[in-house]
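The values are calculated or read from the model by the stated rules, or taken from the named source; none is laboratory data. None of the values given here were measured: they were computed from a predicted structure. For neighbour counting, all protein chains shown are included, and Cβ atoms are generated from backbone atoms with ideal geometry for every residue, glycine included. For the accessible areas, the whole protein counts, side chains as well, though only heavy atoms, and no ligand, DNA or RNA atoms are used. Shrake-Rupley method; radii C 1.70, N 1.55, O 1.52, S 1.80 Å.
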Amino acid sequence: MVCMVRTNVLLLTDHWEETERGTHLHFIGRSPDVGSVELVFTNEDFLFFVESSAHVPELNVRYKRKPLSHKTFNHVAVDALIFKSYKDFKRAERILTDVGVQCYESDILPTRRFLMERFIYGEVAVHGILEHGRMINPKIKAFETDYKDLSVVSFDVEMSVKTGLLYSIAVYGTYQNSTSSVVFMNADKESSDSYISCTNEKDVLEQFIKWINTYDPDILIGWNVIGFDLTYLSNKCHALQIPFRIGRCMDEPHFFQPGSSKRCHLKGRVIIDGPTALRSSFYQFEEYSLDFVANKLLGEGKLIKKSDQSKIEEIDRLYTHNKEALAEYNLKDCRLVTDIFSKTGLLELSITRSRISGMLLPDIGKSSASFDHFLLPLIHRKGFVAINRNDVQKDTYNTGGYVFDPVIGIHEHVFYLDFRSLYPSIIQTFKIDPYSHLMSYKYPLETPNGKLFSRTHHFLPKLILELLEKRAKAKDHGNTYLSQSIKILMNSFYGVMGSDVSRFFHPDLPDAITGTAKFILERTKAFLQTKGYKTLYGDTDSIFVQSHREVADWKVEADQLVGSINQFWEETIEREFQLTSYLQIEFENYFVKVLFPKARNGEGGAKKR
C-alpha cells in the first residue's frame, strides 16, 4: 500500500547503512496513525572540521573542503570536510589523526547530528509517501506530544544450568488494554493449557522468533535480559545455526560493552533491563533479584521461593516431572517484570526522559551526549565548533559538595532546610555554562570564587528557567514522570561540565559551581548567626538549624526563617553582584531531637550521618 501521510512519530532506534550511493540514515519509531514506521534519509552529508591552516594529505576518498567563518574555542579558524559516505568520513578521520591533524567533532554519530541540528527531541512530525511501513526522505520537523502507547513484551528463559539445555521461553505481551501470553516448552508430549509443546530446542527458538516478529513489540523487557536471556538465546541460535532475527529489520541482536555493563542494539525494538532501569531512575533496594524487588513493590514474588542450588534443582525437577508447573513459574516471572514496570512507571519515565534529553530510548542515560544535543547546535550558530571528547585535556577533578563539621551531641528542636536545586540555581544565577565562559570578555561577571563568565552570552541559564517552569506545571498536573525527568536532567549538568569525558569540560566550570555553593552555605551560616540561630551542620545544599522556640511554635518560625534567608540572598546577590538571585531555600523537616555522633577516628563529628 502506497499513500501520502502526515503523522507524528515517537522515535525508538536509529542506525545507518552503507550503499553504493552513500550512507543512508534510518530511524524506526511508532506512529499513532500508521503503527511501526521507518524513516530513511538518503541525501545527507557527513562533516567534521579541521583548522584552516591544516595540511590535508591525499585521503583517497570523495570529499570537499569548505572554508567557514567558524572558529575553535581557542579562536582558530576552521574548514569543514564534507563527505557523502560515512565510511569515507571515518577513513579520512583515521588518516588525519595518524598524521597529527586534529579533527573537530568527528566523534559525533551521524544519526545524532541529524537530530540535534534540527532540534529534535525524541518525536517528529513527518510528511511524505508511506510504502510498506517505510518513508523515504519525508519532510520532517521537531514535534511534541504526550503519545506513549507502545507495545511491550516481557520474556524469560528457563534452562538447565548443568547441561545448558533450553527448557522453555515464556512471553507476556501488553498493548493498550490487551495482553497476550504463551510458553514455548521443549516437551515430548502434546501441548497443554499451560504451554505450547515444541519437539526440541530448535523448535522452541523458531516458534519464539516467529511469535516476536508477529506480535511486533516496540519494547522488550526482562530481568537481566541482556546479560542472560538474550545472550543465552543468541548463543543457542548460533550453536543450532538458526538466524536469531528478532529485530524489525530482520536483524539479529548486536552486543557490545562500552563500559562495565553489557549492552545490546536491535533495530526497531528497544531493550530495557529491569534492574538497570530501576537504578537509573534512582530506585534503591537491598538487592535487585526479581523475587526481592517484586515482593517489595508488588507484595508478591516468584513461585519458586528457594534460592541458589535448591532453586536450580527444583527447576530441573519440574521440567522432568511437572512441565505445567514450570510453565506457570516461567510465565509468572514475565508478569512480575511487567507489573514492576507498570507499578514504577519505568517505561513512561524512560519515554519522558527521551523527550526531555533528546536521546533515543536506548541512550537516555548518556548525560554527556544529551548535553551535546542541547548545546552543540547553539554553539554552531554562534560560530564555534567543539573538540572531540578524546582530545579533552584529562584533569583529575572531583571536589564534591561542601560540608562543614556537625556539632557533636543531641540537639532539640532542629529545622532541616534545603536549597532547592542548588547547583542548577547557581548556574542560573551566575550564568555558568561553557559558552558564557568562552565569552567572558563580553560584559563579564565574577563568581564569588573568582571565575569569569558573561552576563549576556549564555544558554544554560535560560534552559534551566524553562525546565523549572515545565517542572512546576508538571507538579501542578500530577505528572510525576515529567517532573522526575527534568530533575534528572538538571542534576546532570554539573556532572557533565565537571567531567573530562565531556567535550565542554573546563575546570573553571565545576570550580565556579562548587566554590559558589561553599560561599552560599558559609554566608547563610553567618547570616543565621546574626539572627541568633545556631547552625549545627551543613552538607552540599542543606543545613540543620536549631530553633529558638518551643515545639508548638515551630511551623510559624520555620516560615519566618525560610523567608528571611531567601530575602537575604535576593538582596545580597543584587547588591554584591548586580544579578537576580534564583536561590531558594525550602523547609524540609522538623526534628524534636537530632543526634550528630563523633567520627569513628575520634576527630570531630561524623559527616553525612
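Classify the chain: rounded, prolate or oblate, from the alpha-carbon gyration tensor (a ≥ b ≥ c, eigenvalue square roots; a/c under 1.5 rounded; otherwise prolate if a/b is larger than b/c)? Oblate is the answer for the chain, as a/c is 1.5 or above yet b/c matches or exceeds a/b.
What shape does region 274-403 take by its C-alpha gyration tensor, where a ≥ b ≥ c are the square roots of the eigenvalues and a/c under 1.5 counts as rounded, a/b above b/c as prolate, and the rest as oblate?
Cα axes put region 274-403 in the prolate bin.
Modelled spin labels at residue 56 and residue 339, positioned 7 Å past Cα toward Cβ, are 6.1 nm from each other.
List the aspartates and glutamates whose alpha-carbon lies under 14 Å from that of residue 598, not counting same-chain residues fewer than 8 positions away? Those aspartates and glutamates meeting the cut-off are 405.
Taking a straight line from the alpha carbon of residue 475, these lysines sit under 23 Å away, with near neighbours fewer than eight places off in the same chain left out: 148, 343, 462, 487. Each label point was placed 7 Å from the Cα along the Cα-to-Cβ direction; for residue 591 and residue 283 their separation is 2.9 nm. What the Kirkwood sum gives for region 198-249 is a hydrodynamic radius of 11.6 Å, with every pair of different alpha carbons counted.
Of the trypsin sites (Lys or Arg not before Pro) found in region 75-165, the ones in coil according to DSSP and having at most 10 other Cβ atoms within 10 Å of their Cβ are 162.
With the simple spin-label model, which puts each label point 7 Å out from Cα in the Cβ direction, the residue 75 to residue 261 separation comes to 4.3 nm. Here the chain is treated with +1 on each Lys and Arg Cβ and -1 on each Asp and Glu Cβ, and its dipole about the Cα centre works out to around 1100 debye.
For the chain, the share of DSSP beta bridges that are antiparallel, to the nearest 5, is 85%.
For region 213-234, the residues whose backbone nitrogen is under 14 Å from a point 7 Å from the Cα of residue 178, taken along Cα to Cβ, are 214-217. Please compare each pair in 162/189; 90/262; 262/518 to a cut-off of 28 Å on the Cα-Cα distance and tell me which ones are over it. Pairs exceeding 28 Å: 262/518. The local environment of residue 188, defined by Cβ-Cβ distances under 12 Å, has a net charge of 0 under the rule Lys, Arg +1 and Asp, Glu -1. Temperature 4 °C, viscosity 1.567 mPa s: under these conditions the Stokes-Einstein estimate for region 432-504, based on its Kirkwood radius over C-alpha pairs, is 95 µm² per second.
Per residue, the convex hull spanned by the alpha carbons of region 459-566 comes to 143 Å³. Straight-line reach from residue 593: which lysines fall under 23 Å, measuring Cα to Cα and dropping same-chain residues less than 8 apart? Here the lysines satisfying the reach criterion relative to residue 593 are 525, 531, 534, 555, 607, 608.
Please report the carbon-and-sulfur percent of the accessible area for region 368-444; probe 1.4 Å, protein heavy atoms only, DNA, RNA and ligands left out. Taking all protein chains in place, region 368-444 shows 48 percent carbon and sulfur surface. Reported value for region 147-232: 102 Å³ per residue, from the convex hull of its C-alpha atoms. A convex hull fitted around the alpha carbon atoms of region 1-107 yields 146 Å³ per residue. For the set 145, 580, 429, solvent exposure ranked by accessible area (probe 1.4 Å, protein chains only) runs largest to smallest as 580, 145, 429. The GluC sites (Glu not before Pro) found in region 154-214 that occupy coil by DSSP, while having at most 11 further C-beta atoms within 10 Å, are 190.
Counted residue by residue at 0.36 nm each, then reduced by the alpha carbon distance between them, the extension gain from residue 600 to residue 380 reaches 74.0 nm.
Here region 123-194 is treated as an ellipsoid with the same Cα gyration tensor; its semi-axes, largest first and in whole Å, are 41, 15, 13. What does the charge count near residue 237 come to, summing +1 for each Lys or Arg and -1 for each Asp or Glu among other residues with Cβ under 14 Å from its Cβ? Summing Lys/Arg as +1 and Asp/Glu as -1 gives -2.
Between residue 17 and residue 487, what FRET efficiency comes out of the Förster formula 1/(1 + (r/R0)^6) with R0 = 45 Å and r the beta carbon distance, rounded to 0.05? Kindly include the intermediate steps, with their values, before the conclusion.
Numbers: r = 38 Å, r/R0 = 0.83.
Working from the Cβ atoms, E equals 0.75.
Taking 0.36 nm per residue of sequence separation and removing the Cα-Cα distance, the residue 571/residue 320 pair yields an extension gain of 82.7 nm. Largest first and in whole Å, the equivalent-ellipsoid semi-axes of region 211-361 read 26, 22, 14, each the square root of five times a Cα gyration tensor eigenvalue. Pairs of C-alpha atoms in region 540-588 farther apart than 17 Å represent 43 percent of all such pairs.
Rounded to the nearest 20 debye, what is the charge dipole size of region 456-609 about its Cα centre when +1 sits on each Lys and Arg Cβ and -1 on each Asp and Glu Cβ?
Charge dipole of region 456-609: 560 debye, to the nearest 20.
From helices alone, the chain scores -11500 deg cm²/dmol at 222 nm; the rule is -39500 (n - 2.57) for each run of n ≥ 4 DSSP H residues, then divide by the residue total.
Potential lengthening of the chain between residue 527 and residue 148 amounts to 131.6 nm, from the contour at 0.36 nm per residue minus the alpha-carbon distance. Computed on protein heavy atoms with a 1.4 Å probe, the accessible areas place 446, 348, 93 in the order 446, 348, 93, largest first.
Region 52-161 has equivalent-ellipsoid semi-axes of 38, 22, 16 Å, by the square roots of 5 times the alpha carbon gyration tensor eigenvalues, sorted largest first.
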